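Take a look at the structure below.
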């Protein structure tokens, strides 16, 4: 039982896009590793274009890898369509960002919730209405809602239905891909509280993908920070947030506003140079070097490999120096 | 709020509310009744010969006058509706029969199937409709069947492109990605998730295509390559009435006006339906 | 000193085919010259409608302003001015920055062409001077190589760069007020940081007042001096940022703070607000807007509380503003 | 749109078009050689001619070989000979083409400015009476059978009022005035249909553009509505018109076929219909091939022009 539930090793994902006769190879994910233990919540943070959603899709077999491997419960991804594949589709679930497109507008909520039950033959058909009512109650909705169409529901309500649908088949892992970014602050807090509560009660593992550092901090046991297809830093959430070692993590935390004017005024800002480079033509060596305030020649020559740093791992040649010097000042 | 309600519900919601919708719906039902039971709407026979009433101007008994054989023009128009509807609906149905599955396949599978199907569709599309029709009629001979076949073929790419495009959009939607993540098979997804959501947009272009069918039928029949007299369609009546612009202007005028009105109303109905499934265009 | 912008008893309603939607009810607030003022609220709170009302951007055929409403900008009564006069103010004395930089620039024209049209609309300057001024403005928002940027098309720029172009366009005519409607909501945190930096510096250096419309308490804490909290079309609390964050006196403000994720706070500290905000149709309700979701609501709350002063510059619309121990609740 | 490289895709489409024309002719019941030869009554050398034709098109060969010969001939610009006049099809097409080209160019030239004007006015006055009026008129223009309208025009303006000559054609170089008079009614007839389609398109595009965020920004920055509509929104909403005009050329040629018949213009339409009536298959085949390929090329040109003008599409 020591093996992690999900173990992504050195994932490589390259998209080929053709535009105006020019073929571009977009390196969405490059040698990223991430693991999730049973019942654990792992936060995956990054800005747009970091490859976090692609990595999330690959983690549950919805995105083919161009290199590396994904082990779920110690076994490699089964072939699509095989019996093992069908079992896997029950054991891993995903919730997407946009609650407005997540439910088929031509199906009632009940029909949407029956779909996973039907696909995975969960009990006899006549038990489904009760099961659906139970699921709706579990996520704090009125069981009567089963007869409604999604058009009449608010974003928060729809996202609750999506959570209920993911839970219907009692999965081991749920990938939450930016599940609250389309929602208001108060609704977001409701959804996060709900999923955290369910996670605790049912022991399901979560891979929580978000661009919001505060949100990840609020929910995650462990956190991985991604930039331009690579994992820059990963470790226990408290450690990553309180003693960030990678310059990118530090810059990201320095840029995220804190809802507290006193802390906010004291926050250390590390302004980043330039823009995120083209993922079809990423920088050599360290991907972050073009924007890193500490970049040196070495960073262009050698790709930093993730190395242990305290309880975390950091992919930076100079993290000791950087954290050391700045701790003294 | 209503932005993502089921499309049929939204159309259904609109029709009873907007006066134009009600009128068009009733008119549509009326036209179908005329096509099915022409005798209910006129006391005359379409081919009744009356030597004493040749080319009579409009009168209370013959609101659109009479033709060169003394038949009531209105009666002929009414009896022509049946063939008109058969051609318009038949060709669209024929096209949908092939275009919808092909569009689903191309939009969902992509890759080789997509580019072969798209290539075929683009090729058909690059033939001017009338020329394509002339070519096929020259080869197969003019008949109602040929007309339906030709129109069916030229409508295929138009429906295909729509279905393919809609499918490509839907495939990226959360509910389709979600269904795939849950292990739903291709057939399941196409049938339960994609098909029900493209029916609305397809229905919206049907009236527009029917209007095109009516106009092409009129044009081809006029040059003698469509419906052949004595079969009655509006196009064949336009052909026959060609000789009476000088002596009996009401005859071609009535037939042409009915044809124009019918296709205009179909276009208008299509616009209304498009607004109904895409309300943001109106409300801003 | 008279404030630069004074909104008094603003009410905005939209006519639909069947009803009247009251989007903003009785909102009053002021912005002094050079001040950075926040307006925070969730979607449906009426914050953007209020912002658009200042520039009278909504379709006059659908929009109805309450008769007692007054918007005074630099001594001018905005709601009473003829359209032509208001139009002259737009982009000149007041500029606006919108939420989505990907859609704010016209894709068919270069950055320079678009900015030039704005300058031309308000200033009679020869072409060369206009270009120099545009390049200056682009430099002032920290865009690299502004001389080249002028001739670039929007699709060649990143989201953060586009939003800085919008800021540059906003300052072209040296406005006294910039209304920024969620200017960073569509941006990544690092790009957001840069845009906020630029805006803050411009506000200080050129004494431009900024009215920051946002849903993010972090942005308020980072950028604003005073804050107005809106809920259900009404103003529920207003005051200096320091005071309000340290001791919110309205239950909604406190709840919003407790629901906001904080990257500097330890885990599991997010407290949701129960229920959802509802849109009002027909006549404006007479109850407190927050009544349905407030844990402290009593029968007294069926009477809408007036906004009242509880400390210097700190006003709250809650019957129990003084009694509630809101920090403990949060 | 497709994964094929653009040039390859165009070649493939042209190949499919040639193949369809070949196959359609083969579908005809009866001996293709006899069809290609045409009516045989009163001709002495039937068997000889049939043999010639069989040899020319390889009709004595298996179908794939026939196909290869056909494609080979077409690629060399050899469209065969008329079975009526024995003239090369390509020269008959060359003689008739100017009339049709003039008809199309003049109709497009007339329709575009009118449509832009009407469409933009309607979009700017959206939801008001003027807008509804313009759009209803446009729908009606689109829905009216053009040959019927043409005949009415002939009856009223040519026979009735005598303003225009009723039928026939004069070349522009021989008699510019007469050319204009002869072309006026056919051009108006065709332009009316085009005005219907294009006005509706301009309206939709402009109305859509006017709802974009960047237009709101322009308003918020104090640009005059004139400037916004005619300088900014016009470019956004009128560039796609290039593509649509390209697509409509195909429809227009279909209309021209019938309109030429009505007004007695000796263009490609009459050539084609005459050939169909007299069962002159080489001419039918050649005319359809040439026109279709021309339409494809026009569409490609329109697409290239659009790409050149649109900054986002250029890179």
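Bear in mind that the values in this text are calculations on the coordinates, not laboratory data. This is a predicted model, so every value here is computed, not measured. With ideal geometry, Cβ positions are generated from the backbone for all residues, glycine too; neighbour counts draw on all protein chains shown.
Counting, for every residue in C:40-49, the Cβ atoms of other protein chains within 10 Å of its Cβ and taking the mean gives 2. Enter the angle in degrees (range 0 to 90, nearest 10) between the Cα long axis of helix A:319-328 and the first principal axis of the Cα atoms of chain A, meaning the one along which they spread out most. Taking the Cα atoms of chain A, the angle to A:319-328 is about 70 degrees. Under the criterion of Cα pairs below 8 Å and six or more residues apart, the relative contact order for chain A equals 20 percent.
To the nearest ten degrees, helix D:234-263 and the longest principal axis of the Cα atoms of chain D are 40 degrees apart. Taken along the Cα-to-beta-carbon direction at a fixed 7 Å, the label points for residue D:175 and residue D:230 span 4.1 nm. Averaged over the residues of peptide B:168-178, the number of Cβ atoms from other protein chains lying within 10 Å of each residue's Cβ is 6.
Each principal axis of the Cα atoms in chain B has its own extent, and those three values, largest first, are 77, 48, 31 angstrom. In this simple spin-label model, placing a label point 7 Å from the Cα along the Cα-to-Cβ direction at both residue B:27 and residue A:265 gives a separation of 7.1 nm.
For segment A:189-329, the orientation-averaged shadow of the C-alpha convex hull comes to 10.1 nm² (one quarter of the hull surface). Its Kirkwood hydrodynamic radius, worked out from the mean inverse distance over all distinct Cα pairs, puts segment C:202-312 at 15.8 Å. P(r) tail for the protein assembly as shown: Cα pairs beyond 55 Å make up 32% of the total. In degrees between 0 and 90, to the nearest 10, how far off the longest principal axis of chain C does helix C:159-171 point, with axes built from Cα atoms? Once rounded, the angle reads 80 degrees. Among B:35, B:257, B:86, which one shows the biggest mean-square fluctuation in a GNM of chain B, springs joining Cα atoms closer than 10 Å? Highest fluctuation among the options: B:257. For the residues B:116, B:124, B:198, a GNM of chain B with alpha-carbon springs under 10 Å puts the largest fluctuation on B:116.
Anyone know which of C:26, C:205, C:243 comes out most mobile in the 10 Å Cα GNM of chain C? So, out of C:26, C:205, C:243, the one fluctuating most is C:205. Mean per-residue shielding of peptide C:212-224 is 4, counting Cβ atoms of other chains within 10 Å of each Cβ. Summed over all non-identical Cα pairs, the Kirkwood treatment of segment A:1-160 gives a radius of 18.2 Å.
Reducing segment C:1-74 and segment A:59-136 to their Cα centroids gives an inter-centroid distance of 47 Å. The spacing between segment B:235-280 and segment A:229-291, judged by their C-alpha centroids, is 67 Å.
Pop out the Kirkwood hydrodynamic radius of chain D from its pairwise C-alpha distances, inverse of mean 1/r, in Å to one decimal. When all Cα pairs of chain D are included, the Kirkwood radius is 22.4 Å. Cα centroid separation, segment B:179-213 to segment C:78-145: 45 Å.
With contacts taken as Cα pairs under 8 Å and at least 6 residues apart, segment B:211-253 reaches a relative contact order of 27 percent.
Each label point was placed 7 Å from the Cα along the Cα-to-Cβ direction; for residue C:313 and residue C:18 their separation is 4.7 nm. Panel order for D:260, A:178, by other beta carbons found within 10 Å of each beta carbon, from fewest to most: A:178, D:260. As a length-normalised measure over Cα pairs under 8 Å and 6 or more apart, the relative contact order of chain D settles at 24 percent.
Dividing the summed helix terms, -39500 (n - 2.57) for each DSSP H run of n ≥ 4, by the number of residues in chain D produces a 222 nm estimate of -24500 deg cm²/dmol to the nearest 500. Going from the fewest other Cβ atoms within 10 Å to the most, the residues B:36, D:198, D:151 appear in the order B:36, D:151, D:198. Among A:85, A:319, sorting on how many other beta-carbon atoms sit within 10 Å of each Cβ, with the fewest leading, yields A:85, A:319.
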